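J.: One structure follows; several queries about it will come next.
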Amino acid sequence: MDTLIQIYTATHGWLFESLVLPALYALGFMDFAELAFDATEIFILGVVQLVLIYVLLRPLEAWFPAEHWADRKSVRTDVLYTMLHRLGIVPIGIYALLTPVVDGAEAQLRLLGYIPYGLEELLPWLVASPIAAFLAYLVVLDFADYWRHRLQHRWGVWWALHSLHHSQRQMSLWTDDRNHLLDDVIGGLWFSAVAFVIGLGPAEFVAAMLTIRFVESLSHANVRLSFGRIGDRLLVSPRFHRTHHGVGIGHEGARYGCNFATLFPFWDMLFGTANFAYRGTATGISDQLQGRDYGESFLSQQWLGLKRLAGRA
């Protein structure tokens, strides 16, 4: 691990000092050096993520596909979403947009006397086990994300944006980042607020994001795969999450869908939204069968999302 960290640090330093910093100086953008330093880190981590998910997950899609498609045309837009998110373009924009808001709120809370305590302070026994501490942070983050996801389905205004994610009829490892940009901003605020409240440090924040993103890429993959009767109840599998995206299942019903958890199905089991009865169903939204258009290109999808939002509002 120390060797990997040294390689990463050296790569980050070389890329920033040799390419990014000279470019900023030449363009007269040195005021953005600090932001560019963070952006370089996001870019490197994004490249690592893309390599890992493609090398590890794409062969699984080829060998054990949940669905066979005559062509992969609609997947191409999802690849664009993934590139924009994982290589940093969307996260950097959201970071620049939200930083003043988050910093201002944090400053006000500290003035009022609120100092966030990490889980290690609340549960001292976690100090002796960094792995247990990290898992504890993931459990709390996943609990918060479960309720964010349920609200996305329950509130019509929010669903107007989130439905873009569910409109993919060819769900694959690239589908995770298929989101409306405004929905990404809301999700960024939600995650940042929870991270601040539980005292999540920068290193743990990055590690948690990488872990969550990889599991989400796996759970969206076009793979006929489960983790077994017990495993499916411990970690969200592609089969478990495909049911969440199923036509007539993923958004319909008394609870506006099922299988909302990102990492741990325990939350769905606890709150009565788990559905382990896999039917190999196609993915998408029922109103697509009646001809509703969610767009094919990135721009059309973003525009139609705003129109749905205006209609709901």
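J.: Taking the Cα centre as origin and putting +1 on Lys and Arg beta-carbons and -1 on Asp and Glu beta-carbons, what dipole magnitude results for region 114-204, to the nearest 20 debye? Could the numbers behind the result be given before it?
T.: On the way: 5 positive and 9 negative charges, 85 e Å.
With only Lys, Arg, Asp and Glu charged at Cβ, the dipole is about 400 debye.
J.: Additional query: From the P(r) of region 149-211, can you give the percent of Cα pairs sitting at distances over 13 Å? Walk me through the numbers before you get to the answer.
T.: Working: 1355 of 1953 pairs.
That tail contains 69 percent of the Cα-Cα pairs.
J.: Report the FRET efficiency, 1/(1 + (r/R0)^6), for residue 7 and residue 235, where r is their Cβ-Cβ distance and R0 is 35 Å, rounded to 0.05.
T.: Details: r = 29 Å, r/R0 = 0.82.
Taking R0 as 35 Å, the efficiency between residue 7 and residue 235 is 0.75.
J.: Once Lys and Arg get +1 and Asp and Glu get -1 on their Cβ, which of 246, 161, 44 lies farthest toward the positive end of the dipole of the chain?
T.: Positive-most Cα among the choices belongs to 246.
J.: Let me ask something additional. In deg cm²/dmol, rounded to 500, what helix-only [θ] at 222 nm does the chain give when every DSSP H run of at least 4 residues adds -39500 (n - 2.57) and the total is split over its residues?
T.: That comes out to -20000 deg cm²/dmol.
J.: Here's something else I'd like to know. Compute from the Cα atoms of region 2-312 the Rg and the Dmax, the latter being the longest Cα-Cα distance, and quote both in angstrom.
T.: Every Cα atom of region 2-312 included, Rg and Dmax give 20.3, 60 Å.
J.: Where does region 167-313 land on the Kirkwood hydrodynamic radius, alpha-carbon pairs, in angstrom?
T.: Details: mean 1/r = 0.0599 Å⁻¹.
After inverting the pairwise mean of 1/r, the radius is 16.7 Å.
J.: Mind checking the full-extension length gain between residue 214 and residue 71? Use 0.36 nm per residue of separation minus the Cα-Cα distance, one decimal, nm. Don't skip to the end; give the middle numbers.
T.: Numbers: separation 143, 0.36 × 143 = 51.48 nm, distance 2.52 nm.
Result for the pair: 49.0 nm of gain on full extension.
J.: With a bin width of 5 angstrom, please list the P(r) values of region 104-182 as percents of all Cα-Cα pairs, from the 0 bin to the one holding the largest distance.
T.: Answer for region 104-182: a P(r) of 3, 12, 13, 13, 15, 15, 14, 11, 5, 1 percent.
J.: If each residue of separation counts as 0.36 nm, what is the full-extension length gain between residue 23 and residue 154 once their alpha-carbon separation is subtracted? The partial results should precede the final answer.
T.: Values: separation 131, 0.36 × 131 = 47.16 nm, distance 4.62 nm.
Gain on stretching residue 23 to residue 154: 42.5 nm.
J.: Still on this structure, please answer the following. Would you mind checking region 187-217 for residues with the amide N under 13 Å from a putative spin-label position 7 Å along Cα→C-beta of residue 122?
T.: Zone members listed by number: 194-200.
J.: Sticking with this structure for a sec: Kindly provide the Kirkwood hydrodynamic radius of region 1-160 in Å, to one decimal, from all pairs of distinct alpha carbon atoms. Walk me through the numbers before you get to the answer.
T.: Numbers: mean 1/r = 0.0495 Å⁻¹.
For region 1-160, inverting the mean 1/r across all distinct Cα pairs yields 20.2 Å.
J.: So, one more: Using only the Cα atoms of region 206-267, what semi-axes does the equivalent ellipsoid have when each is the square root of 5 times a gyration tensor eigenvalue? Give whole Å, largest first.
T.: Values: eigenvalues 76, 36, 28 Å².
Three semi-axes, in Å: 19, 13, 12.
J.: Using the alpha-carbon atoms, what tilt in degrees (0 to 90, nearest 10) does helix 75-86 show relative to the longest principal axis of the chain?
T.: 20
J.: Another question about this same structure. Sort 129, 237, 219 by Cβ crowding within 10 Å, fewest neighbours at the top. Write down the numbers at each step before the final one.
T.: On the way: 129 11, 237 23, 219 27.
Lowest count first: 129, 237, 219.
J.: Note the angle between two axes, namely the Cα long axis of helix 298-312 and the longest principal axis of the Cα atoms of the chain, as a number of degrees from 0 to 90, rounded to the nearest 10.
T.: 70
J.: Report the net charge of residues surrounding residue 90, where surrounding means a beta-carbon distance below 13 angstrom and charges are Lys +1, Arg +1, Asp -1, Glu -1. Walk me through the intermediate numbers first.
T.: Working: positive: 86, 178, 213; negative: 176, 177, 183, 184.
Local charge sum for residue 90: -1.
J.: Express in nm, to one decimal, how much length is gained between residue 83 and residue 279 on full extension, taking 0.36 nm for each residue of separation and deducting their alpha carbon distance. Before the final figure, lay out each step's value.
T.: On the way: separation 196, 0.36 × 196 = 70.56 nm, distance 3.13 nm.
Here the answer is 67.4 nm.
J.: Here's something else I'd like to know. Quick one: angle between helix 181-197 and the longest Cα principal axis of the chain, in degrees between 0 and 90, rounded to 10, please.
T.: So the inclination is approximately 60 degrees.
J.: Taking region 231-313 on its own, what percent of its Cα-Cα pair distances exceed 17 Å? Can you show the working numbers first?
T.: Details: 1880 of 3403 pairs.
When every Cα pair of region 231-313 is considered, 55 percent fall beyond 17 Å.
J.: A further question on this structure: Rounded to the nearest 20 debye, what is the charge dipole size of the chain about its Cα centre when +1 sits on each Lys and Arg Cβ and -1 on each Asp and Glu Cβ? Intermediate results must be reported in sequence, preceding the final value.
T.: Working: 23 positive and 28 negative charges, 281 e Å.
Here the size comes out at about 1360 debye.
J.: Which of the listed residues, 13, 114, 62, is farthest toward the dipole's positive end in region 1-121, when Lys, Arg count +1 and Asp, Glu count -1 at the beta-carbon?
T.: Of the listed residues, the answer is 62.
J.: Per-residue counts of other Cβ atoms within 10 Å, averaged by peptide: what ranking do you get for 150-162, 268-280, highest first?
T.: Ranking the peptides 150-162, 268-280 by packing returns 150-162, 268-280.
J.: For region 61-145, max minus min Cα coordinate along each principal axis, in Å, sorted largest first?
T.: Computed over region 61-145, the largest-to-smallest principal extents equal 59, 34, 19 Å.
Throughout, read-outs are computed from the coordinates displayed, never taken from laboratory work. Given the structure is predicted, the values throughout are model-derived calculations rather than measurements. All Cβ positions, even for glycine, are placed from backbone atoms using ideal geometry, and neighbour counts span all protein chains on display.
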